Amino acid sequence: MDVCINGGQDKAYTWEMKEAEKTARILVIKPSSLGDIIQMLQVMEGCFYAAQSKGMCWKIHWVVRDCFADFLRLSPVISKLLLFERSSGFCAFCRLIQEIRSEFYDWVVDGQGLLRSGLMTGFARANHKIGRRDAREGSRFFYQQTYAPKTHHPHALERLQALLTPLEVNSSPARPLSLSLPPWHFNFDEGAILLFPNSRGPKKEWPFFRELTALLLKKTPYTCVWVGQKPIGEELNHPRFVNLIGETSLPDLPLLIQSARCVVANDSAPIHLAAALKRPLVGIYGPTDGVIYGPYPTKEHCVLQAPGGNLMQLTPQVVENAVMQQLQ
C-alpha cells in the first residue's frame, strides 16, 4: 500500500484502486558508492514528497549493491530493492536483469552512467529511459534522453537533480532525510562529536585525527567518538573517548549522526549523510574539490580544503577551530 496526500489529508490507495494518471512506477539505478547513493536518495525523496503534495503516488524501486542495501532499507520512500551482487558473477547479473524485467516502469533513471547500469537500463521495460549526459563506457546508447545541469561546474548532487527534469517536480532536498531508525543502543550519551577518519584511499585520509581528538577532549565537555572500519593508530586514554572503529553497522551510521553535536569527516559517505540529516559538520578535503563534491549545499556547510590539495598541510589547530565554530 502506498500513501498519497490529497487536499492535506492522508489517503491510502491500493494499486488496484489507484488513478493511473496520478501514479508513477520509477526504477532508480544507482548501485554505488554510498556517498552517491545518499545524494541520489536526497533527490528522490525531495521529488517523492513534491509529487505527493500534488496528489501523486510514486512507487520507487532501486537497484543497489548488496553491501549498501541495509542503508536504503531505512528509507520509507522506497518500495523495493533490487540487489546488484557485484562479486557473484555473470549468473547473478542475469538474475538481476530478469528481476528488473519482471516489472513495467513509467521511468527508468540511470544515475550511475556506466556500462553495467546502461545494460540494466536497456533491458528494463519502461516508457521512458533517462540518463546522465556525462555517462561513460557507451551507456548513453541505452537512454532515450540525457540530462545535465545548465550551470558551469555544478555540484555532484545537481547533476543528479538534472536527471529528474522531465518528471516536472521540485527535486530540492530541503528537509532532513527521512529514515526509520532503531532506538539508541550505544553505551554513551547522545550528543557526541563524531570523527570519521576513513575514506576511499589514503590520499583522501587526513592523518591528524588523533591529534584533533586530543584537542577536542581538552577544550570541550563532549564525548569524542571514532567511527569507521579501518584502525588509525593508538587509542586515547580518556574517560570521554570512545572507539567504535569496526564496531558499527551501516544502519548505525544515521542513528549516530542524527544525534551528533558535530560530525568531522574526510571526503566520504558520512559527511554527505551528515549534510542530508542537517547536522553541524566539518568536511576535510584534499585532492578532491570540496565545492563540487563536498556536502550539499556547499555554502551552508563548513568545508576545509587542504592547501594545494595536500592534507599534510592542514593542521589540527585549523580543524579544531572549525569544529569549535560549529559547536557554538
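Every number here is computed from the coordinates shown, using simple stated rules; none is lab data. From a predicted model like this one, the values you see are computed outputs, not experimental measurements. Methodologically, a virtual Cβ is constructed for each residue, glycine included, from the backbone with ideal geometry; neighbour enumeration extends over all protein chains shown.
For segment 184-225 versus segment 280-304, the inter-centroid distance based on Cα atoms is 17 Å.
Using only the C-alpha atoms, the convex hull of segment 35-99 corresponds to 81 Å³ per residue. Taking Cα atoms only, the orientation of helix 316-327 departs from the longest principal axis of the chain by about 60 degrees. With everything on Cα atoms, drop me the angle between helix 34-53 and the longest principal axis of the chain, reported from 0 to 90° to the nearest 10. Tilt of helix 34-53: around 50 degrees. Contact order for the chain, expressed relative to its length and based on alpha carbon pairs under 8 Å spaced 6+ residues apart, stands at 14 percent. Taking all Cα pairs closer than 8 Å and separated by 6 or more residues, the relative contact order of segment 2-167 comes to 19 percent.
List VAL108, VAL291, VAL323 from most exposed to least, where exposure is judged by having the fewest other Cβ atoms within 10 Å.
Values: VAL108 29, VAL291 13, VAL323 24.
If I rank by nearby Cβ atoms, fewest first, I get VAL291, VAL323, VAL108.
Here the chain is assigned +1 on the Cβ of each Lys and Arg and -1 on the Cβ of each Asp and Glu. Its dipole about the Cα centre then comes out at about 580 debye. Computed from Cα positions, the angle between helix 209-219 and the longest principal axis of the chain comes to roughly 60 degrees. What percent of all Cα-Cα pairs in segment 121-232 falls in each 10 Å bin, counting up from 0? Going from the shortest bin to the longest, the percentages are 10, 23, 23, 24, 16, 3.
Considering only beta bridges that DSSP places wholly inside the chain, some 10 percent are antiparallel.
Simple rule: put +1 on each Lys or Arg Cβ and -1 on each Asp or Glu Cβ in the chain, find the dipole, and look at TYR293, CYS262, PHE186; the Cα lying farthest toward the positive end is TYR293.
Normalised by the number of residues in segment 193-327, the average gap of Cα pairs under 8 Å and 6 or more apart makes the relative contact order 26 percent. Positive-end ranking of ALA174, LEU216, TRP206 along the dipole of segment 108-221, with charges on Cβ about the Cα centre, is headed by TRP206. Its Cα centre serving as origin, segment 2-167 has a Cβ charge dipole (Lys and Arg +1, Asp and Glu -1) of approximately 380 debye. Ordered by the number of other Cβ atoms lying within 10 Å of each residue's own Cβ, fewest first, CYS57, CYS262, CYS67, CYS91 fall into the sequence CYS91, CYS67, CYS57, CYS262. 3J(HN,Hα) couplings calculated from phi for segment 300-311 with the Karplus curve 6.51 cos²θ - 1.76 cosθ + 1.60 (θ = phi - 60°) are, in sequence order, 8, 10, 8, 10, 9, 9, 5, x, x, x, 9, 5 Hz; Gly and Pro show x.
What's the FRET efficiency of GLN317 with HIS153 using the Cβ-Cβ distance as r and R₀ = 25 Å, to the nearest 0.05?
In this case the efficiency is close to 0.25.
Just so you know, the Cα atoms of segment 2-167 work out to an Rg and Dmax of 15.6, 49 Å.
Could you list SER259, SER117, SER249, SER88 in order of exposure, starting from the residue whose Cβ has the fewest other Cβ atoms within 10 Å? Before the final figure, lay out each step's value.
Working: SER259 17, SER117 25, SER249 9, SER88 13.
Placing the least packed residue first, the sequence is SER249, SER88, SER259, SER117.
Round to the nearest 0.05 the FRET efficiency obtained for GLU168 and ASN243 when R0 = 56 Å and r is the Cβ-Cβ distance. Calculated transfer efficiency: 0.70.
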